[in-house]
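The values are calculated or read from the model by the stated rules, or taken from the named source; none is laboratory data. Computed from a predicted structure; not experimentally measured. Methodologically, a virtual Cβ is constructed for each residue, glycine included, from the backbone with ideal geometry; neighbour enumeration extends over all protein chains shown. Just so you know, the surface numbers come from the protein's heavy atoms only, side chains and all, with ligands and any DNA or RNA stripped out. Shrake-Rupley method; radii C 1.70, N 1.55, O 1.52, S 1.80 Å.
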Amino acid sequence: MSHRRVNKRTSAIAAASAAALAGAVILLPNANASDEKEAAPRTFAGPAAAETGTALAADLGADAAGWYFDGDSGRLVMNVLDEEAAETARAKGAEARIVDNSMAELKAATQTLSDQASIPGTAWSIDPKTNKVSVLADRTVTGDKLAELEQATDGMAGLVSVKRSQGEFKPFADGGDAIFGGGSRCSLGFNVDVNGAPGFLTAGHCGGVGQTWTADQGGAQPLGATAESVFPVADFSLVMYDDPATEAPSTVDLQDGTTQEITEAAEASVGMEVQRSGSTTGLSDGQVTGLNATVNYGNGDIVNGLIQTNVCAEPGDSGGAMFSGTAAVGLTSGGSGDCTVGGETFFQPVTTALEAVGATIGAGGAGAGGEAGDGGEAGAGGEAGDGVIGEGAGDAGDAGAGDQGAGDEGIGSPVDGARDDSSGSGHQ
């Protein structure tokens, strides 16, 4: 039997190598786990997600294909076109998703729809969750109109999805914490400040420049006159209070005796949790489902750049406040459905309206809801008192499906007590 001699130095090196190898086997999974932890998506709050998503999309440029906020997980989901862009998104804490359709292709599809399918009763917006243009056709789109829509969309397979809405798209012409003018009833949305003077925002379809508004249907409690109004194309108007001393704090009426303070205006993002206050339906909530929506209300009234949501609304809510926490987000424009079966509701972005009229909101000025005169409160969030709005508005009664039947109605944000039995189930 032969015996192999191993010198001590060789034995020591072998032992050390084995120990090092064993250490590598043990340490390597830990190193991988550390890398995975660093790459895990961050948890965002809604406003932070919107800020990061907007900035990241700008940084990525053509390699970004939209983004949305997943409220359940608190994650910012960024659509990208390749792995390099995905790595950039992950480095910022986003969850990256490689998709087929670029933003340029999606925007081109919306332009094709505008050119070839401008049909009353249709709406569309880019949906980052499906990476497609989501097309909605209401119940009036039948026969030749439906054939025209199908012809336009058939050539864009993979870029668009078409769904039917059970309701009928209309601007909600009367509304909320009621304001009355020109024979129509609308809702005050958010109080604002214009170079130190108080005013408020409402829907543009509620009335043109010069139209006067009161807090009661009889016209005994004057508020002010429309200074600027845009409809269609967009849907907002600015009303300036007659009394320059009117106080208008930033609050929205939550319909339960409490108010929500509004400190700023914010851009909407898909997936954002929002609430809407209206005198017909009270407080409703839901999510933003699309941005830059185009809605064809018929009669040549096509509105662009709207926020699409699944928040319910009914006639009697027009012009009213949509908000997320302390941020003003939108003014109710129109939609379909109701708060029994649901539907789609579209909102004018507040940020666009503020910029157009040169107004500020929240910390920079007035907000949603506020005091009028010596004690009555105005807007989407004031309690009706004994002042300019409070006394007249408090006597009006509750808005709802009332006795007049086919009346002009809308969607909006209520002033406490400013409700009226005259709202029917007519023009939305």
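Couple of notes before you dig in:
- When segment 113-143 is limited to residues that are closer than 22 Å to Ser102 by Cα and either among the acidic types (Asp, Glu) or touching a His at 6+ places or on another chain (Cβ under 7 Å) (or both), the one that is least open to solvent (accessible area, probe 1.4 Å) turns out to be Asp127.
- When residues of segment 25-56 are limited to those that are open to solvent by less than 30 Å² (accessible area, probe 1.4 Å) and of a type in the set (A, V, I, L, M), the one modelled with the lowest pLDDT: Ala50
- Looking at Glu168, Glu105, Glu150, Glu95, just one residue is open to solvent by 10 Å² or more (accessible area, probe 1.4 Å) and in contact with a Pro (Cβ under 6 Å, 6 or more places away or on another chain), and that residue is Glu95.
- Look at segment 59-87: where a residue is under 16 Å from Ile98 (Cβ atoms) and a partner is assigned to a strand (DSSP E or B) and of a type in the set (Ser, Thr, Tyr), sitting 6+ places away or on another chain with Cβ atoms under 9 Å, you get Leu76/Tyr68; Val77/Tyr68; Met78/Tyr68; Asn79/Tyr68.
- Index of the failed condition, Asp72 passing every other in (1) more than 26 Å from Gly167 (Cα to Cα); (2) crowded, with 21+ Cβ neighbours inside 10 Å; (3) charged (D, E, K, R): (2)
- Considering segment 320-359, and only residues there that are in a loop (DSSP other than H, G, I, E, B) and β-branched (Val, Ile, Thr), the residue that is surrounded by the most Cβ atoms within 10 Å (Cβ to Cβ) turns out to be Thr326.
- Being in contact with a helix residue (DSSP H, G or I) (Cβ under 6 Å, 6 or more places away or on another chain) and either open to solvent by 20 Å² or more (accessible area, probe 1.4 Å) or not in a strand (DSSP E or B) (or both) is a condition met by at least one residue of segment 298-319.
- Members of segment 237-288 found to be under 17 Å from the mean Cα position of the chain (by Cα), modelled with pLDDT under 90 and not β-branched (Val, Ile, Thr), listed by number: Ser277, Gly278
- Taking residues in segment 204-216 that are under 27 Å from Gly305 (Cα atoms) and in contact (Cβ under 8 Å) with a residue 60 or more places away in the chain, and partners anywhere that are part of a loop (DSSP other than H, G, I, E, B) and open to solvent by less than 10 Å² (accessible area, probe 1.4 Å), the pairs with Cβ atoms closer than 6 Å and at least 6 places apart or on different chains are Gly204/Asp235; His205/Asp235; Cys206/Gly319.
- Under the condition of being open to solvent by less than 20 Å² (accessible area, probe 1.4 Å) and of a type in the set (Ser, Thr, Tyr), the residues counted in segment 269-293 number 4.
- Meets criteria (open to solvent by 10 Å² or more (accessible area, probe 1.4 Å), free of Cβ contacts under 8 Å to residues at least 12 places away in the same chain and either touching a helix residue (DSSP H, G or I) at 6+ places or on another chain (Cβ under 8 Å) or of a type outside the set (A, V, I, L, M) (or both)) for Gly182: no
- The condition (being more than 18 Å from Cys186 (Cβ to Cβ), touching a residue at least 12 places away in the same chain (Cβ under 8 Å), touching a Leu at 6+ places or on another chain (Cβ under 7 Å) and of a type outside the set (S, T, N, Q)) is satisfied by just one residue among Ile307, Ile262, Ile302: Ile307.
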